[in-house]
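What follows is a short report on a single structure.
The values are calculated or read from the model by the stated rules, or taken from the named source; none is laboratory data. Just so it is clear, the model here is predicted, and its values are computed rather than measured. Heads up, the Cβs are rebuilt from the backbone with ideal geometry, glycines too, and the neighbour counts pull from every protein chain shown. Note: accessible area is taken over every heavy atom of the protein model, side chains too, but ligands, DNA and RNA are not part of it. Shrake-Rupley method; radii C 1.70, N 1.55, O 1.52, S 1.80 Å.
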Amino acid sequence: MLEIKNLSVNYGGIRALKGVSLCVEQKKIATLIGANGAGKSTTLRAITSLVKPSGGQIFFEGEDITNMPTREIVARGIVLVPEGRHVFPNLTVLENLMLGAYLRKDSSQISRDYDYVFELFPKLKERSWQMAGTLSGGEQQMLAVGRALMARPKLIMMDEPSLGLAPLVVRDIFHIISQINAQGVTVLLIEQNANAALKLADTGYVMELGRISMSGGGRDLLQNEQIRSAYLGKAKDVSK
Amino acid sequence: MATLFQQFTNALALGCLYGLVAVGYSMVYGILHLINFANSSVFMFSMYFAFYSVSVFYLPWYFGLIAMLALTILLGVCIERIAYQPLRSAPRISLTISAIGVAYLLENFATVVFTAVPKSFPDIPFLQEVIVLGNGEWRIQRLVIFVVISMVVLIAALLFFLEHTKMGVATRAVSKDFETSQLMGININAVIRVTFIIGSGLTAFGAFMWGLKYPQISPTVGAMPGTKCFIAAVVGGIGNIKGAVLGGIILGLVEVMLVYFFPGLSGYRDIFAFIILILILLFKPTGLFGAKVTDKA
Ligand SMILES: Nc1ncnc2c1ncn2[C@@H]1O[C@H](COP(=O)(O)OP(=O)(O)OP(=O)(O)O)[C@@H](O)[C@H]1O
Ligand SMILES: [Mg+2]
């Protein structure tokens, strides 16, 4: 569904991505793990055209979307839940959700999707008139995910959705990710919590210094000795 | 009493005028974090547009106003497209310098094309007529009524747009976060263009009313009202619409009423705005309606 070929990105002199190739299959969950600064966020930002790649190509459903304006990529069904949530603090919860559906015209379906999001995150319903900036961190994360779902995406990409959340909330988030996937939405997940991510994922990619150093089935990577020592060593499994 | 009333209505009209233009400064600042120095020149051009429409091409004043609005908006949008849009990801200071450059360019261009010899703003007897109320003591210029009503209608429409339309919500989103707005599928250039349409339109309205009060047009005519309206926006808390309106009204009232009560100060009337600016910057730098901090992220 999403295929990246030999993607490179430079920030000024810094080469953040040095020829990344990866593939996300339809209706599956793929995860991208790696140390801080490996280039995970940069990969997602390049897919959504927030940074311009200096080389390589990105295909979505067979179409070359490299360098397309961000809004056209979003219109094709790719959404990004950015690192650090980035809800609009000066807008209400409801307005944030409304912007998630910005490009959609099917208003009757949109109102049903509000209900779907409120079902996933009942907290948001209680607080729908509150300014998003006054929500707690966990609630903001829920809003960021809910807002992405309002776009009815084919592919949802999440950049560290569990960052800074309490273990219980992290479990909820992982549960919701598999629920979203069960609805037929393809997922590309970035996680520090490699253990939980690999358990959930059909495919895993390991990124090191701007390159994919290893890939395979989620469960297989979980068994891999190298990965166990590098990424799973001290990570506590909070997904149980 | 009757002159007090008349002075008060004059002050109110001037304040509404300042408020309208201040809202334009405030919106542009809100979205681009740019003090749009070029707007003084847009104000000046707008007055020339009115002069040519009405005094040269003999349009009736209401068509003249429409032509003036359309041309001013076109000018504002062109400035944005040519001088600001290419600098979208440049540091803020580049944008500010670009705005100052445009201001000088337009001013000099105006001197060449219109010459420095002042022209006079067209007379519009209908609006300048004084209506006599009651026993003949209470007098009010029709312009005052026109200004106040325009202000209320335009600001109400603007607030409705920002609060209740999809584009309006998108405008507020873009003013907070370009990137995330793009991730929603918002065309930020289109949103910014709309902001400039609104800002330039309000500036044209302001210039129209200014011309009727102070009918002399020259290439530097925009500097004083432009600066005062910007001050009004800062006084109200830049980026805040209701604040800009209030800042404008305060400025108008102070300026006219101080001179009324202390006629000896009349030579200094242009200084009041700056004194207010300094006081605000000293005691409440975020302005009267300064941005609330709701950002936790
Ligand atoms: N805007 C930028 N300007 C310059 N360098 C950048 C920029 N953004 C990222 N980088 C650099 O690119 C590299 C990859 O960054 P990226 O954010 O993709 O890492 P990451 O894998 O997401 O890390 P983390 O797990 O900490 O979020 C880092 O070395 C970072 O310093
Ligand atoms: Mg990152």
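Some observations on this one:
- Any hit, segment A:145-153, residues being more than 16 Å from ligand 1 (Cβ to nearest atom), open to solvent by 10 Å² or more (accessible area, probe 1.4 Å) and either of a type in the set (S, T, N, Q) or touching a Ser or Thr at 6+ places or on another chain (Cβ under 8 Å) (or both): no
- Residue that is farthest from the other protein chains (Cβ to nearest Cβ) [pool: residues in segment B:180-198 that are open to solvent by less than 10 Å² (accessible area, probe 1.4 Å) and in a loop (DSSP other than H, G, I, E, B)]: B:Ile186
- Filter result (open to solvent by 10 Å² or more (accessible area, probe 1.4 Å) and either within 13 Å of ligand 1 (Cβ to nearest atom) or part of a loop (DSSP other than H, G, I, E, B) (or both)) within segment A:48-60: A:Leu50, A:Val51, A:Lys52, A:Pro53, A:Ser54
- For segment A:5-21, filtering for residues that are in contact (Cβ under 8 Å) with a residue 12 or more places away in the chain, within 14 Å of ligand 1 (Cβ to nearest atom) and away from chain B (no Cβ under 14 Å) leaves 9.
- Matching residues, segment A:103-120, being touching a residue at least 40 places away in the same chain (Cβ under 8 Å) and closer than 23 Å to B:Arg172 by Cβ: A:Leu103, A:Arg104, A:Ile110
- For the criterion of being away from chain B (no Cβ under 14 Å) and assigned to a helix (DSSP H, G or I), A:Leu124 passes.
- Among the conditions (1) modelled with pLDDT of 95 or more; (2) surrounded by 24 or more Cβ atoms within 10 Å (Cβ to Cβ), the only one that B:Ala156 does not satisfy is (2).
- Taken over segment A:49-67, the criterion of being under 19 Å from A:Tyr11 (Cα atoms) and either more than 16 Å from ligand 2 (Cβ to nearest atom) or free of Cβ contacts under 8 Å to residues at least 40 places away in the same chain (or both) is satisfied by A:Ser49, A:Leu50, A:Lys52, A:Pro53, A:Ser54, A:Gly55, A:Gly56, A:Gln57, A:Ile58, A:Thr66, A:Asn67.
- Matching residues, segment A:154-171, being in a strand (DSSP E or B) and away from ligand 2 (no atom under 16 Å from the Cβ): A:Leu155, A:Ile156
- Flag for A:Glu3 being part of a strand (DSSP E or B), under 15 Å from A:Ile156 (Cα atoms) and charged (D, E, K, R): yes
- Taking the criterion of being outside any helix (DSSP H, G or I), of a type in the set (Val, Ile, Thr) and open to solvent by 10 Å² or more (accessible area, probe 1.4 Å), the residues of segment B:199-237 that qualify are B:Thr220, B:Val221.
- Matching residues in segment A:25-48 - criterion: being of a type in the set (Val, Ile, Thr) and under 17 Å from A:Val187 (Cβ atoms): A:Ile29, A:Thr31, A:Ile33, A:Thr43, A:Ile47, A:Thr48
- Within segment A:92-110, considering residues that are open to solvent by less than 60 Å² (accessible area, probe 1.4 Å) and either β-branched (Val, Ile, Thr) or away from chain B (no Cβ under 14 Å) (or both), the one nearest to B:Met167 (Cα to Cα): A:Thr92
- Checked across segment A:183-205, the condition of being within 16 Å of ligand 2 (Cβ to nearest atom), open to solvent by 40 Å² or more (accessible area, probe 1.4 Å) and in the same structural domain as A:Leu7 (by TED's automatic domain parsing) holds for at least one residue.
- Flag for A:Val24 being away from ligand 1 (no atom under 12 Å from the Cβ) and either surrounded by fewer than 23 Cβ atoms within 10 Å (Cβ to Cβ) or closer than 18 Å to A:Ser215 by Cα (or both): yes
- Options A:Arg71, A:Arg45, A:Arg85; residue that is surrounded by 17 or more Cβ atoms within 10 Å (Cβ to Cβ), within 16 Å of ligand 2 (Cβ to nearest atom), at the interface with chain B (Cβ under 9 Å from one of its Cβ atoms) and in a helix (DSSP H, G or I): A:Arg45
- Taken as a whole, the structure places B:Val259 among residues that are modelled with pLDDT under 90 and open to solvent by less than 50 Å² (accessible area, probe 1.4 Å).
- Taking the criterion of being farther than 18 Å from B:Leu202 by Cβ and among the acidic types (Asp, Glu), no residue of segment B:75-90 qualifies.
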